[in-house]
Structures are given as structure tokens and as C-alpha cells.
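Everything below concerns the one structure shown next.
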């Protein structure tokens, strides 16, 4: 394994930061502005993609920017896990940017320049978090992401978004400042470093009780992961425009939360350390509760986006659960689920948005017979939900397969049971939607026979993501390899 | 040149006098004169800092008399840094103030610039001097000028707020003077280093203990440390913006510096932390100050008042950091002098711009401000992030060291207070952002389309440039705080 | 408040008295304060500065830097009084006397201000002329007071006195003028503008001497470096330097005394007073 | 008791200054009238001046002005013959400062009076709370 010093990670992070002034200056010309977004997205993706071969060979790319104090610098390190996440986020950013053109123009939203600028900033933070070499840098980008998302959540500037924005900040900032920050400083105080090391940074400084408290502070502190009881910001944040919900609240923001937990579990505590104190079980328990409870809540939601949000909360905990298993297969499955869930869930959100653009409908109960009006959208929706439920032939099946293998490997029968139950629950909250969409009598149908698809710019992206979801079943190699590599690295060989 | 140390202080004084002249002869000249004086001072301070970093502390003997007979300037890393902060901020503030002085002071601007320069002279002199009594005289210059400037603000309340400030300020300065007298009677000297050497033989003396208590109480009154803070909110919130922007970041910070100087150079850590045993009590007091300031800030309905209480809370940070008595806490406190000066300045620059347009910063007036003054608000937001302590702004890093210091000392209550204070600040500022982000309710009725892009009514360009520059420097200083700690603070402490 | 006051005062007094416990006895010539640097001052000052009044030597030379700021404090006070109180707005009602005829004009609020050249004299309605005896006595006294003030400034090196004392005496002569006649008389003699300029000038003299010393290659305020500029009496160069700054201090103090008096007594209107 | 008495007698000057200072401080805290507070402030500062001046005092010594300068040259100068000049110098400065502060405070009081037509604190407080 080699360590390569390169400026590429920095470039990848900065591309979408530097494009912001350009966006602001071209705010009068929407077409110019949007082409800049697209170009910057593609450049970002290409830079990240160009690092892929190096990473796949088992190497790392590092870059130190600022030396703050020994062991806690502002530094980047690209490894398999970070690569996996960055690849997902940056590729979906391109698709989302196309989609958001269609969506925002379709609804004639206000403040589009502000919207795209903060969107770009949020993506900067996401990639930065993915490439962080230590907890300090990760925390930095984590906070940047929280703050840059706030204007997106309250984009509508009405009373409802104000309340949601408040809830969003209370949970996200409250936990990160109140829990993560002290925990992080305590780690630094105890060990003198915050670097993510394969075996963790603790070597006997912690007793079991304090380690437990610290771990829980981290797990709950990264509230973006939607771990209960700090999850309720996510449904609230659904007041944001759909591209935000799609990219940020299904992929970037929430996965940064999960990603941070993975980093802390593997890089700060270390697998061996957790195994020796049997702390993985704590995390797994919390995750399991979240999975089951959130799936049950999702059943009761009538607003489509909120149902998706609760589904997201559950799916995120799969990832946490997979990592908390601390077995090779389990971790691989967990990390793979980052990618698989991303493609699946973003399709679903795109569809929800497309429905809203085309018909103005938000509630499932109003969507009876919509399958005939929007056949392409609903077909993609079907594909996406298959992936989330974890049925072949979609990518979601593969990750869930690995997760199940992981539970068997670790001999956790209860967790296996949790996964299977929740898959059933997933099916239970998705299937009624199709049933209502396609199988209804003419009298029940709320839509005419005419096809009313959303604008091209909305439909094309969701078809693409649906196809990718489908394709990943047959060709999961890049993500699977990366996840496998990462798991191998974390488990020490 | 060898005379840079004294030039730092003399240049603004000279500018004050010439501006005073110009006020009577050609009033328009006062502004450039004042600006030039402060620019020279900033340059000299920068040179001195470089000299001190590369060649070690500088001693400058006034009138050529060797201390302790004469007065000396003794400039080491700590006060070189503070000098640069003070002169730099004063200069930048003046640069941004031309329009708002014209708006607020109207006639007699010349005299105002003169008194402004005198205020800065006082602060710089306090920082540079190595003589206990000289320190008192310069504190009095600073105080007198602040009394005058506070009273020039709010037409109704300014004078009364200022008069109450006079009473408290005189008590503070007099306590300090008494402390110096007690030291003098025990040692016979007024030079700091000389006093420190003689004091080593008198650690058990009740006179020295009294002197220490008196000096500390005096300085605490001047810096508005809880529970001696009562004068600050009124005095600050009724003063004119120009003055507010310089007094809020600098006055308390210079007083913190004086406290550190007295503790390190004059009395010595051995005396304070080994012979005496009330350091823990002071840390607890600092904890209370932090929480109290935050809670009181929550109750305010006016931006200026809210920030004034945040200042009281920030003072708790630094006092607590110093009195923890370990290297980390000290590092945090000194770094926070720099950071807090910068971020308070940045936040008040934003407030100044808002006041320039709106005349008033009651929360009820702030609706829709992001649309109206986007650049001002951008700077304000960055400053607020720094006060909350969000990386990579500089406020995060000093908080980092302070919390580390608290962990090392085992002062968990202080660490928790810092975290809570961050949360409170987050609530405070996001409440402001929320008000500014959403259109105000009165506009809702008038305007049909609330989302229609409002007209941009920004402050003058000079104010915006300075505000932008300072806000960006928050990030730069934050990213280079490792360098600052390694080059300035750690060499000073060891 | 009263109770709180008692507690605070009692506490402060107790602390201060506790501190006196380790004081040397009063008047002890061997106390640290008398031995350490004060001994050096007394024994060396005459040699080093050629000024027999040690208080002056310390004030203006050894601790001359302090004294410069002291003068700056004075200047600040004057400036502050001006800034706080000076009111340039015209009074609402004004009275004018036509000097040749003695006719009094009443200009009501809101009307145009009269500008009748020198023949019209602005007057205060509620001002009462002073007694003739007082006026005469004061007129005779004032020059003597002023001469004495100059003596005190100039002789500060040798006997008790100096710039502050002399300046205060001079300033009080001006105040006496204002009291015995009226404020207008004083302002006519020495205008507000001149007072402002003098106040700045006094401090500037002090500061200027310091800066010149610096330009001559010495430390700030190092009077010895002035020797090349003054061709005579280089032996007493420090004493001369001190005299220079005492004069500056005197000017500043005089002007500031008058400024403070004028502004406070007339509430910043400069047209009526005690 | 006699010990305490002896202590007080040996240092009665300090006791006097402390009493004076307490009077001034009390007036500043507890008096209702702003001018009375100012007077208290002046007493307070005067007490400090008194304290400093009494530091400088030496038994059997004279003013710190060297005699016979123009005459025979005076011979050696002994510090024990002259009182300590430094406190005098310091207090000259302190007096100036207190005068300046008093001047500014008076100006402020005038401003307050112009605005509220009263200098009684309780009345001022009532006026402020009315608005």
C-alpha cells in the first residue's frame, strides 16, 4: 500500500466552492448559470473518478493543508470508503443538477441563484467530509454542511419552513456542538491525536464506562445519520424543494452522518477496541430499534416525501448496523448500502418531485391511478422501491445480501431477524403506492387518461438513476470492490 | 529604527493633537491626519512584532534613563501581538467610519477624531508599558475618552449611561492605583520586572496579598468581569457605532492583557497558584460569568444589547482560561484575545452597517435584511459563526484550547459552560438570522409577493470592504492558528 | 442600596486595613519605599539633571513620559467637555443693543438672526452686571495673578511649582475675569478657537520636544540630545528641556481650565454665565 | 486591646485614609443625588492621594529641594534628609487625573440635567421606566 501526495482531493473539494462567485455573478442569466453548475459538477466527478484506479490498487492519497496542532491538522486523505462516498455523491450531483433545473423552473421558484449557490456549497462540504483525514477536518466539513443546508431547508421562507428550519438546526447543531465537540476534544486530550488510524487511536486510556459514554456521544452526536431519538429533523426538512430532499436528505447530508459514525467507529475507536469491550452491540441495538420503529412510522405517513424520509431513517440505520457488526461481510454490506440506497432513494425522491411538478400532488391518498398518467415516472418509482426493499434485480439486493451474511458471520440471529422484518415492512409501505397507482377502477382514478409527465429535465434524471439501480445488480464491481477494500482496511488486513 | 516601540504610542497621540488643531482650522483635514497616525502606528506595531519574533523581547528606556529609575517599555511576544491587534483594529475601524461619523456626530467631527486617537493611544500605551503607574495614567486616558464618547451616542440615555460608567470606572481605576500603592510601599519600585524580583521575598506578606486583590478587582471592574459587569451593557449599547466598534473588541481585551501581565510578570504564577489558593474560585466565577452572560443575552430584544451580554460571557472565557493556570488554558486565553477581538470587531462592523441604514437594531426592525444588505449580512454571519465556534473560523480554535485546558485541570464545569455557551450563542445568532432571513411581518401585508427580490440598500463601500476583509480574516486566522500558537504564544509561555 | 453600600464599604475597608498590617511604621526612613529608587533620585538627581527641585526632576525628566500623558489627560478633559456640552444651535430668543443709541431689539424665535455689524451688541436677558468695586479690584488683580503664574511656571526647577501649578493659576485668572465681568468678555478676549488651539499646542510642545530628541538620535524625551540645537549652556541642557515642557504644560492647562469653565458654566452656549 | 491601640497609633495615618476612603465609597454607592456621588468620588480620590503622600513622609526630613545649589556646592546629599519625592510626583499626576475626571463628570451631569431636569437617581429611574 502506497501513500501518494496529490493536490487532487483539494481540487475536488474546491471546484464547487469556486464556482459560487461565478454563479452569483451570472444570476441574471439562468442558462449560463446552469451550464456552469453542470460543468463544475462534471469536472468534480472527473477529478474524483481519476483517483479511482489508484485507490482500487489499495493506495491512499493524502494532502495536509494547515497544521493546527500536532495530530489535528486540516488534512485530506482519500481511502476506499471516502472514495466510495465521494463517487456516489459527485455522480448524483450531476444528475440532480439537471433535475433541479427542470424542477425549479417547472415550479418557477424564487431565489434560484441562492439555491444553487448553497447547493454547491453543500456539495463542497460533502466531498470535504468524504476526504477528511482526521476527526477535526471531518467536524469542520460536517458543520459546514449543516450550515449550508439551512438556507436550502428554509428556502420557501414561510412559517412552515421557519419551524422546520428551527427543528433542523436544533437537532443538527445542538448535537454536533453539544455532543461531538466535547467528545472530540476529550479524545484529543486523552490521546493527543485525531487521525483516523486503522486500529483506532486509543491504547488503554479509556475504561469501559467512559468508552461507552464517548461512543454514544459520537453516535448520537452525528445526528445527521437520523439515529433515533435524534431523527425528527429529517421529516421536518422535507419542506425543502425536492432536489434538496433528493440529493441532500437522501444522499449527501444523511450519509455524511452515517459516514462520520463509520469513521469514528473504525478510525477512532478501532474494531479491536470495540470488540474487546463488546461495544458494537450497543450501536447495533440502537440501530435496530431505529430500523424497526422508523419503518412502522413510515407506514402511517400519507405525505409521500415524509414516508420516504422515514424510510431513509430506517435505511441509514442498516448502514450503521452493518458496520456495528464488526465482521468483514457486515461492514462491506453496510458500506455498499451507502451507494445502493443512494441510487434507489434518489430515484424515489425524483419521482415524488416529478409528481409534484406535473400534478401538484403531495399525498399518497391523492395518487390513486397516477400510474396511468405518469407511466415512466411510476415505473422508475417501482424500480427504486425494489432496490430499497432489497429485491433482485436491483442493487439494493446485493447490499442487503451482504448484510445478512454479516449477521450470520457474527452469529447475531436477532439482528438477522430485524433485517428481514424490516424488509417486510419496507415492502408494506411501498407496495400500497403501486397498488393505488396502477390497480384501480376508472371511478376511483383521480387522473384523466391523458399522460401528464413532468418536464424532460425532470424525467430523464430519474430514468437514469433507476437504470443505474438496476444495472448495479449486475455490475456492482466498483462499489463492491471499494467497500470490500475499506472493510479489509478497517479490520486490519 | 530603534524607536518603533515608542512610535506605536506617539504616532496616534500626535495625530490626536494635529487633528485637534485641524478641527479649528480646517475640519476636513482631521480625518486623513487621524488615519495616517493610526497607519503609522499599525506599521510600527507590525515591525515590532517581527523584531520580537525573530530577535526576542525589546526594552525601550524613556528619556534614556535605565529602569527602575525611568519608565521603560518592555515588549515581548504577548504585548507585541496585542499592540498589533489594537492598532490594526483601530486603523481599520477608522477606515470604515468616515460616513458613519458624518452621520452620527455631524458637526465637531474634527474633535471626535482627535478623541478617538487619544483613546487608541491610551489602549496602546497600556499595552506597551512596563511601568505600573504609567499603566494607571494610560488607563485613565482610555477611560476619560470612553466616558466622553459613550455620552455622544444616544441623545437620551447616553449621558446617564456614561455617568454611571464614570462612577464604576473611577472605582476600578482607584482600586488599581491603591494596589500599586501597596506594592510600592512594600517594594519601593514601580517597574514591573523590578517589582517582581523584589516581591519574591514577600510572598507571605499581607500587604502583597491586598495589593494583588486590589489590582485584580480594579482590572476586573474595568473589563466587566462578572459580577462587576453592570456598567457594560448600557455603556456599550448607547454609545455611537464608531466608538462601539472599537471599544467592544479592544477595551476588554486590553484589560485581559493587563490581568495576564500582572499575573505573569509582576506577581508570578508561583505566588498566585502556589501561595494563594483561590484560583479555583475565580474559575467558578468565570463559569458563572459565561452562563450568566449567555442567559441575559437570550432575554434581550436589541442586537446591541445582546452582543454586549455576549461580550460579558466571552470575558468569562478568557478569565477562566488564564486562571486555570496551565499552559493549555493560557494558550486558549491568549489566542482568544486575538480571536475575540477580531470576531467582535467583525460582528460590530456588521451592526454598524445595519445601523447606518436602519438607525436602529431592535429585532423587530431586522426583517428581510439578508435581501436588503447581502454583503453586510455575509460578514455578520461569518463573525457569528466564529462566536459560536464553528470551524474553521478562529473562534473554534481558541475554544478548543480552552476546553482542553479545562480537561487537563479537571475543571469540567468550565468545559461544560463553554459548550453550553456555544449552544446559547448558536440559538442567539440563528434567531437573528431567522429574523433577517424571513421577510418581516409588516412587509407581508404591504407586499403581495414576499419572495420578490427586495431592493438592495447596502452600506457605503468603505464599510463593506473593511467588513469583508475582517470577516475573511477570521477564517485565515483560524486556519493559521497553529502557526500563531507555535510562533507567538508557546514561545511566550515557556 | 444603603445596606449593600455598607457591606461593600466595610469589605473594602477591611481589606485595605488588613493590608496595612505589614506596612512599615509611618515616617520610617528605612522603609523599602524610602530606600530603593527614591534614594537614587534624591542623591543623583542634582548631578544628572542640574535641577535642585527633585520633584520637578522626577516629574519632568525621569518620569517625563508619565507627565506627557498627564498633559494628554488634561487635553482630553478639555476636548471631552467641548464635545459633550458645546451647543452650536442658536438660542430661540435673542436681544441686541444698538450701542450708539442704547435701543434694545428683541429678535423672536424663528426670525432671522440680526447681523448689524459692530454697532449691535448681543446681550443676555437674564444677566445682571457685576458690582463696580468687584470689577475694579479684579481688573487690578488679574495681571498680578498672571505674572505670578508665569513665575511659577518658570521657577519650577528651583522651587515648588511647575507647569501644572502655573497653568492652573493662569487659568484661574481667566476664570476670575469671566466671573467679575461676564463670560462674553472672556470669550471676546480669548476666543474659543484660540483656547482649542492652545490646548493642543501645549501638549504638542511637550510631544514635539520628545520627538525632536528622537530625531536627534536619542530616546524619546532624552533632553541631553538637544544640546546641538541650543548653542548655550549645554551643562544645563536637561533643565532647559524641562523648562520647555513645563511651558507646554502651562499653556495646555491654562487653556483647558478655561474651556472646562466656559462650557460647564454656560451649558455649552458661551453667551451667558455666572 | 493595647496591642491594637499601639498598632493604630503607629499607623494612624493609614486608618485615617481608610476611613476617608470608606466615606467616599459609601457616598458613591448609596447616595441618591448624582452630584453627591461626584463629591463622594472626589473624597475617594483624595483619600488615595492622602495615602500616597503619607508613604513619602520621613521623620525629621525636609522638602525634596536640594539646598545651597548656588552657594558652596552643598557637599554630599543624604537621602535621609529629604522626604521621598516619588509619591509626590505620582500624586501630582493623580490629582490632575482626578480633576480631569471630575470635569468630564460634571459635564455629563450637566447633560443629564439638561435632558431630565433632575439629578436624583430615583426620579431618573422613574423617568426612564416611563418610556
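Under 8 Å for C-alpha pairs, at least 6 residues apart: give me the relative contact order for the stretch A:48-111, rounded to a whole percent.
Working: 43 pairs, mean separation 17.2, N = 64.
Across the stretch A:48-111, relative contact order equals 27 percent.
If you count, for every residue in D:115-121, the Cβ atoms of partner chains within 10 Å of its Cβ, what is the mean? Present the calculation step by step, with values, prior to reporting the outcome.
Values: counts 6, 3, 0, 0, 1, 0, 3.
Across D:115-121, the average partner-chain Cβ count within 10 Å equals 2.
Counting other beta carbons within 10 Å of each Cβ, put C:63, A:162, B:261 in order, fewest first.
Details: C:63 29, A:162 17, B:261 23.
Ascending number of Cβ neighbours within 10 Å: A:162, B:261, C:63.
Among A:343, A:350, B:363, D:44, rank each residue by its count of other Cβ atoms within 10 Å, from fewest to most, as a rough exposure measure.
Arranged by neighbour count, lowest to highest, A:343, A:350, B:363, D:44 become B:363, D:44, A:343, A:350.
Give me a single rounded figure for A:173-182: the average over its residues of other chain Cβ atoms within 10 Å of their Cβ. Spell out each step's value before the answer.
Working: counts 7, 3, 0, 2, 11, 6, 1, 0, 11, 9.
Counting other chains' Cβ atoms within 10 Å and averaging over A:173-182 gives 5.
With contacts defined as alpha carbon pairs under 8 Å and 6 or more residues apart, what's the relative contact order of chain B in percent? Intermediate values should be presented prior to the final figure.
Working: 844 pairs, mean separation 68.1, N = 494.
Reported relative contact order: 14 percent.
Have a look at C:217, C:167, C:13 and tell me which one the Gaussian network model of chain C (Cα, springs below 10 Å) gives the largest fluctuation.
Highest fluctuation of the listed residues: C:13.
Quick one: among C:240, C:207, C:215, which has the greatest mean-square fluctuation in a GNM of chain C with alpha-carbon springs under 10 angstrom?
C:215
Relative to the first principal axis of the alpha-carbon coordinates of chain C, what is the inclination of helix C:237-265, with its axis defined by its Cα atoms, in degrees from 0 to 90 and to the nearest 10?
Roughly 40 degrees between the two axes.
Over the protein assembly as shown, what portion of Cα pair distances is larger than 62 Å, expressed as a whole percent? Could the numbers behind the result be given before it?
On the way: 253135 of 968136 pairs.
I get 26 percent for the Cα pairs in the protein assembly as shown exceeding 62 Å.
To the nearest Å, what is the center-to-center distance of the stretch A:326-353 and the stretch B:252-292, using C-alpha atoms only?
Answer, in whole Å: 54.
What does the average come to when, for each residue of peptide B:108-118, you count the partner chain Cβ atoms lying within 10 Å of its Cβ? Kindly include the intermediate steps, with their values, before the conclusion.
On the way: counts 5, 0, 1, 7, 2, 0, 7, 6, 0, 0, 8.
What the average comes to for B:108-118 is 3.
Any chance you could give the angle, 0 to 90 degrees and rounded to 10, that helix D:34-56 forms with the longest Cα principal axis of chain D?
10 degrees
Sorting check: for A:66-74, B:477-485, C:143-151, which peptide has the highest mean count of neighbouring beta carbons within 10 Å, and how do the rest follow?
Descending mean neighbour count gives B:477-485, A:66-74, C:143-151.
What order, most packed first, do the peptides D:99-109, B:205-215 have when packing is the mean number of other Cβ atoms within 10 Å of each residue?
Values: D:99-109: 24.1, B:205-215: 22.1.
In descending order of packing, they fall as D:99-109, B:205-215.
For the stretch A:393-485, what is the relative contact order in percent, using Cα pairs closer than 8 Å and at least 6 residues apart in sequence? All intermediate terms of the calculation are to be shown ahead of the outcome.
Numbers: 26 pairs, mean separation 58.8, N = 93.
Normalised by residue count, the contact order of the stretch A:393-485 is 63 percent.
Which order, highest average first, do A:1-13, B:142-154, B:269-281 follow once you tally other Cβ atoms within 10 Å for each residue and take the mean per peptide?
On the way: A:1-13: 15.8, B:142-154: 26.8, B:269-281: 14.0.
Output ranking for A:1-13, B:142-154, B:269-281: B:142-154, A:1-13, B:269-281.
Treat the count of other C-beta atoms within 10 Å as a stand-in for reagent exposure and order C:71, A:170 from fewest to most.
Working: C:71 30, A:170 19.
The most exposed by this proxy come first: A:170, C:71.
Roughly how tilted is helix D:85-116, in degrees to the nearest 10 and between 0 and 90, from the longest Cα axis of chain D?
The two axes meet at around 10 degrees.
Hey, what number do you get for the protein assembly as shown at 222 nm if only DSSP H runs of n ≥ 4 count, each worth -39500 (n - 2.57), divided across all residues, to the nearest 500?
Working: 57 runs with 963 residues, N = 1392.
Theoretical 222 nm ellipticity from helices: -23000 deg cm²/dmol.
Values quoted throughout were computed directly from the atomic coordinates according to the rules given, and no laboratory measurement underlies them. Predicted model only: the values in this text are computed from it and were never measured. Ideal geometry is used to build each Cβ from the backbone, glycine not excepted, and the neighbour counts take in all protein chains shown.
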